[in-house]
1. List the residues whose amide H sits under 5 Å from the amide H of Phe5, counting only those 5 or more places along or on another chain, with H placed 1.01 Å from N in the peptide plane.
2. For the chain, set up a GNM with springs between Cα atoms under 10 Å and report which of Arg94, Arg55, Arg41 has the largest fluctuation.
3. Using Cα pairs under 8 angstrom and six or more residues apart, how large is the relative contact order of the stretch 1-98, in percent?
4. At Glu21 and Arg94, where each label point lies 7 Å from the Cα along Cα→Cβ, what is the point-to-point distance in nanometres?
5. Looking at the chain, send over the antiparallel percent of its DSSP beta bridges, to the nearest 5.
6. Mind sorting out which of (i) 7.3; (ii) 13.9; (iii) 6.4 is the real mean projected area of the Cα convex hull in nm² computed from the coordinates?
Amino acid sequence: MQIRFNVNDAEAADAIRSYVEKRLRFALGRFGQRVGNITVRIRPNGPGASQCRIRAEVVPFGQVIAQQSNSDLFTAVDEAVGKIARQFSRELERVRNSRMGRESVRLAA
């Protein structure tokens, strides 16, 4: 799991990076080698609000993206990490189900 960061606030960059990395490793660690590169973008979203956007590669199937805005940066990060973990799980389940569907058609023929 390679994580790249793009944080606009230089003062909070180190603190938020370690927090986001810890949360992502906890949320996506169970998927092991299926997790490719992860890009995290944190930027202001209007007065008093922050936006967290996470893009994760699902090896070898594609990518999932989650985006969340909130007045509290850490809440935005927590919600975006939760979304990306759910989307990652759904994507793997979708691929698993599509493979099973093809195999059962072949066996029936």
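1. Here the answer is Val40, since their amide H atoms fall under 5 Å of that of Phe5.
2. Arg94
3. Working: 152 pairs, mean separation 23.0, N = 98.
Relative contact order, the stretch 1-98: 24 percent.
4. For the pair Glu21/Arg94, the computed spacing is 3.1 nm.
5. Details: 17 of 23 bridges.
So the antiparallel bridges in the chain amount to around 75 percent.
6. Among (i) 7.3; (ii) 13.9; (iii) 6.4, the one derived from this structure is (i).
Every number in this text was worked out from the coordinates using simple rules, so none of it is lab data. Computed from a predicted model, the values in this text were never measured in an experiment. When we count neighbours, we look across all protein chains shown, and the Cβ atoms used for this are built from the backbone with ideal geometry, even at glycine.
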